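Have a look at the structure below before the remarks.
None of the figures in this text is laboratory data; all of them are computed from the coordinates on show. This one's a predicted model, so the numbers in the text were calculated from it and none came from an experiment. No Cβ is skipped: glycine too gets one built from the backbone with ideal geometry, and neighbour counts run over all protein chains shown.
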Amino acid sequence: MESLYAYWSESKQQDLEAQLVGFWAEDIWHRTECPLAKDVDWRGKNGVIQGKKQIHFNCLSKSINTEIKYVLWKRLEQQEWSPITVWRHIHIHVRWIIEWMNAYAPDANSFMERSLEKWELSFRSYLAERGKLTIKQRQYLAEGEIRVTKKDDPKISTLRVIYRNLQETYDERPEYEKDLWDLRKLGASLVKSAREHHLNFTFIPQPWLRQATKSYIRYCLATQAGGTCRNKLKYINQFSAFLNQLAREIKPNDIDRPLIVEYLSYLAKSDFGASYKQSSIGALKEFLELCAREKWAEVKDKRLIYLSDYPKQSNHLPKYIPLHIIEQLNQHLDALPPYIMRMVLILQETGRRISEVCCLHWDCLRQDAQGDWFLLHYQFKMKQQESIPISQELAAVIQEQQEFVISQWGRGFPYLFPTPKPRGKGKPISSNHFNYALKKLAYEKHICDESGQIYQFHSHQFRHTVGTQMINNGVPIHIVQRYLGHKSLEMTLRYAHIHDQTLKEEFAKYQGKMVDISGKVVQPENVIVEMAEGSNPGNIDGQWMKQNILAQALPNGLCSLPVIQGACPYGANKCLNCTHFKTDIRYLDKHKEHLERTSNIVEWAQQNLNSRRSKEILKENQPVKENLERIIKSLEANYDA
Ligand code: SF4
């Protein structure tokens with residue numbers, strides 16, 4: 001990375017100094033006097049107060065002192081670092097940075113005088129000579145095993161943070177002219193739980209390609225989310241890396257079909273999955289076509305990528321979590337931190353996207369006049385607020401989490417799932433944090449698939465599981481689409497493709513079988529289709545599902561009368577003679593009790609056949625008795641099967 005000294009000026013530096021007033025202007029920062037640390041509890045887990053009391057800024061260069069203080073202040077103010085992080089960890093790094101600067105560059109005016117690489121090299125050697133360069137090993141879980149990777153010295157990381165923050169402060173060019181864009185400054189749509197807010201173009205060494213990529217990403221940012229644009233940049237970086245390893249220099253008009261074929265072969269040899277390769281080729285195609293159309297680079301204005309270039313995705317079906325894995329997971333839920341356990345319960349019941357759960361607002365529960373609960377959430381993909389019906393049990397879980405947040409963060413905290421303390425910065429939890437907790441649980445509790453391998457949990461599988469369950473439970477495809485918030489029916493149809501016989505049987509066992517009054521087994525999907533018959537798919541949403549699917553529940557089963565027909569036309573107590581009546585094993589005891597009562601009535605009526613009333617009673621109850629006998633026989637036979 002080049003030095004940005006050209007953007008530094010003495011007056012800008014004086015401006016930074018002028019912003020440091022009161023506590024922040026001092027050369028010694030006492031943590032007890034820090035205006036941003038008034039409510040901080042400095043005790044560690046063992047109850048003992050931890051961390052340094054003071055941070056000393058004793059650089060020989062006054063202006064370097066100012067720059068370090070400025071970055072620490074800004075990061076504290078913007079909650080990038082918490083006071084605990086600063087006084088417990090960062091102060092050690094700052095002490096070393098100051099000691100090194102005093103020895104190595106006591107007269108420096110600014111960190112911007114040199115490139116980060118030069119500073120880093122010098123600091124690294126300084127620490128190494130003193131035996132203070134610590135390259136730690138970081139353990140992480142992947143593919144069911146613990147892997148180890150090297151973790152750079154945190155003192156070096158702090159130097160990088162200080163440098164990059166100053167670089168952003170001094171460099172006042174419009175964001176689009178820089179090589180590192182801060183998506184927050186560009187007003188890009190970002191998921192609140194996202195931890196990365198930058199687009200870095202410095203990985204593209206070819207000047208023409210870097211410039212054209214910036215134009216492309218700027219174009220995409222106008223209509224697409226920040227995360228999508230980050231992915232597109234990643235794919236162009238990949239293309240840039242390919243060009244870079246070629247023995248010849250490639251100019252824009254050198255990009256022709258043979259070069260693209262060479263790239264396709266390069267991509268094919270990589271370890272990336274088919275889905276990644278598809279997106280990568282798709283982004284490159286879009287980029288090259290836009291380059292030619294918008295004249296961002298002198299790329300040939302002709303077709304370079306064809307449909308047949310995309311690798312086939314052999315089995316692009318949703319990856320639902322098998323029932324036996326869900327059972328193992330639920331057995332060990334207590335071993336998860338309580339907030340992660342509650343997130344799992346929300347995902348299991350609702351199938352929301354993990355970003356939607358991470359960013360749930362503290363006040364996300366609503367109860368309607370009938371006492372039913374709804375979960376309010378924001379769908380980033382659809383850019384809209386949604387509400388879905390949830391069970392009483394899940395509402396209680398969410399209320400428990402609300403209480404937990406109040407106890408930890410006080411009232412008024414905006415999110416239901418904050419990043420946990422002590423590192424918590426008042427932001428929502430990240431999806432990585434959640435995924436890691438589940439992978440750790442699978443590893444520690446030995447949650448295995450059928451082949452004995454540790455199961456690889458990923459948050460999105462819960463969504464696939466809920467979608468699969470809904471399809472297998474017979475919920476019409478357009479309702480599943482609305483419920484899961486799929487933009488197009490294409491995604492929902494993938495769930496329908498896995499609706500094979502084996503799966504149906506698996507879910508039928510789980511669900512129990514439904515029977516009608518003749519004792520005939522009916523498939524749940526047919527029941528739901530019957531209820532939704534004639535309804536306008538456009539009106540079918542969460543409310544519809546609650547009011548029409550759940551509310552047609554009867555004390556002993558379900559009424560499948562098409563919703564569009566309105567209220568029951570047959571009057572009270574006619575269900576056991578009605579073809580719309582459906583029931584399942586859960587109501588077996590009720591049916592047996594009902595049969596006993598009805599049999600007594602029938603018996604009495606048969607013994608008193610001389611009265612008109614008893615004849616009427618017999619006429620009414622005999623069919624009910626026979627239907628109950630058929631229902632019970634069928635339920636028992638099918639339940640045992
Ligand atoms: S009688 Fe038939 S239509 Fe009426 S509520 Fe019962 S099952 Fe539904």
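Packing order of peptides 73-83, 586-596, 208-218, highest average first: 208-218, 73-83, 586-596 (average count of other Cβ atoms within 10 Å over each peptide's residues). Taking a cut-off of 17 Å, what percent of all Cα-Cα pairs in the stretch 564-610 are separated by more than that? Taking all Cα-Cα pairs of the stretch 564-610, the fraction more than 17 Å apart is 54 percent. Arranged from fewest to most other beta-carbon atoms within 10 Å of their beta carbon, Y104, Y483 become Y104, Y483.
For the stretch 445-456, 3J(HN,Hα) computed residue by residue from phi via the Karplus equation (6.51, -1.76, 1.60; θ = phi - 60°) reads 9, 6, 7, 10, 7, 5, 8, x, 7, 4, 6, 8 Hz, glycine and proline entered as x. Past 27 Å, Cα to Cα: identify those pairs from K319/K445; K214/K300; K185/K214; K12/K136; K234/K319, in the order given. With Cα atoms farther than 27 Å apart: K12/K136. Given in Å, the Rg to one decimal and the Dmax to the nearest whole number for the Cα atoms of the stretch 1-172 are 17.2, 55.
For a 27 Å ceiling on Cα separation, which of these pairs sit above it: K53/K74; K118/K269; K513/K619; K74/K178; K118/K295; K513/K625?
Values: K53/K74 20 Å; K118/K269 36 Å; K513/K619 30 Å; K74/K178 21 Å; K118/K295 37 Å; K513/K625 21 Å.
From K53/K74; K118/K269; K513/K619; K74/K178; K118/K295; K513/K625, over 27 Å: K118/K269; K513/K619; K118/K295.
Working note: Karplus 6.51/-1.76/1.60 with θ = phi - 60° gives the stretch 25-31 the couplings 7, 5, 8, 10, 9, 7, 5 Hz, where Gly and Pro are set to x. Here K487 is the anchor, and the aspartates and glutamates within straight C-alpha reach of less than 17 Å, apart from those fewer than 8 places off in the same chain, are E356, E386, D541.
The Stokes-Einstein estimate for the stretch 175-312, based on a Kirkwood radius over Cα pairs and taken at 4 °C with 1.567 mPa s viscosity, is a diffusion coefficient of 83 µm²/s.
Among 455-462, 391-398, sorting by the average number of other beta carbon atoms lying within 10 angstrom of each residue, highest first, gives 455-462, 391-398. The residue list L221, I260, Q245 was ranked by how far each Cα lies along the charge dipole of the stretch 146-262 toward its positive end, using unit charges on Cβ atoms, and L221 comes out on top.
Looking at the P(r) of the stretch 336-458, how many percent of alpha-carbon pairs lie beyond 26 Å?
Details: 1800 of 7503 pairs.
When all Cα pairs of the stretch 336-458 are counted, 24 percent exceed 26 Å.
The relative contact order of the stretch 1-172, computed from alpha carbon pairs under 8 Å that lie at least 6 residues apart in sequence, is 28 percent. Between the amide H of C448 and those of Y455, distances stay under 5 Å, these residues lying 5 or more places away or on another chain, with hydrogens modeled in the peptide plane. Derived scalar couplings between HN and Hα for the stretch 606-617 equal 5, 7, 10, 6, 6, 9, 5, 4, 5, 5, 5, 4 Hz in order, rounded to whole Hz, by the Karplus curve 6.51 cos²θ - 1.76 cosθ + 1.60 (θ = phi - 60°), x for Gly and Pro. For the peptides 13-22, 289-298, the ranking by mean Cβ contacts within 10 Å, running from highest to lowest, is 289-298, 13-22.
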